[in-house]
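**Q** Pasting a structure here, questions to come.
The values are calculated or read from the model by the stated rules, or taken from the named source; none is laboratory data. Everything numeric here is computed off the predicted structure, so don't read it as measured data. Cβ sites come from the backbone with ideal geometry, for glycine too, and all protein chains shown count toward neighbours.
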Amino acid sequence: MRTIRTQKKRGQVLKALGQGLSAAAAAKAAGIGRTALYAWRKDDEAFCEEWDDAVESGTDLLEDLALERAKTSDTMLIFLLNGRRPEKYRKRLDHRVDANVTGGVLVAPTTTDMETWQAQAQQQQQEAKSTSQT
């Protein structure tokens, strides 16, 4: 059965997206299937642009809500700061190993902790030196 595309359904979808709902929830609100909704988006360039605008509005609404909740939630505050200023607030993983390995491959298994990995790197470096001197 083919879904009939009407202005009413179009408006219901766009309103739901503008309220921050997902595409699946917007389709349900308009009484159409999610697959049919995505087909409509694909086939109608103007609808696609309106959809994108509605999603932006809905995202603004959700962001405003998150900002309000961040006043009482450290976790929400952290997420917002990570999103707005990732260069300052994101987690930094700074693992440095100076193995000076030449002519070989240093393999670092993911299950090894950093200290063990560094020790293995130094051992491989020493083995490489002794092999090249003989």
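**Q** Residue 59 versus (1) hydroxyl-bearing (Ser, Thr, Tyr); (2) over 17 Å from residue 20 (Cα atoms); (3) within 17 Å of the chain's Cα centre (by Cα): which is the lone unmet condition?
**A** Among (1) hydroxyl-bearing (Ser, Thr, Tyr); (2) over 17 Å from residue 20 (Cα atoms); (3) within 17 Å of the chain's Cα centre (by Cα), residue 59 violates only (2).
**Q** Restricting to region 9-38, and then to whatever is part of a helix (DSSP H, G or I) and without any contact (Cβ under 8 Å) to a residue 12 or more places away in the chain, can you tell me which residue is surrounded by the fewest Cβ atoms within 10 Å (Cβ to Cβ)? Can you show your working first?
**A** Restricting attention to region 9-38, the residues satisfying the condition of being part of a helix (DSSP H, G or I) are 9-18, 23-30, 34-38.
In the following step, the residues that additionally are without any contact (Cβ under 8 Å) to a residue 12 or more places away in the chain were identified as 11, 24-25, 28, 34-35.
On the way: 11: 12, 24: 12, 25: 15, 28: 17, 34: 14, 35: 10.
Checked region 9-38; the qualifying residue surrounded by the fewest Cβ atoms within 10 Å (Cβ to Cβ) is 35.
**Q** Tell me yes or no: at least one residue of region 103-116 is in a helix (DSSP H, G or I), over 29 Å from residue 13 (Cα atoms) and either modelled with pLDDT of 85 or more or among the hydroxyl-bearing types (Ser, Thr, Tyr) (or both). Write out each step before concluding.
**A** Filtering region 103-116 for residues in a helix (DSSP H, G or I) gives 114-116.
Next, only the ones that are over 29 Å from residue 13 (Cα atoms) stay: 114-116.
Filter once more, so that each one left must be either modelled with pLDDT of 85 or more or among the hydroxyl-bearing types (Ser, Thr, Tyr) (or both): 116.
Taking every residue of region 103-116 in turn, at least one turns out to be in a helix (DSSP H, G or I), over 29 Å from residue 13 (Cα atoms) and either modelled with pLDDT of 85 or more or among the hydroxyl-bearing types (Ser, Thr, Tyr) (or both).
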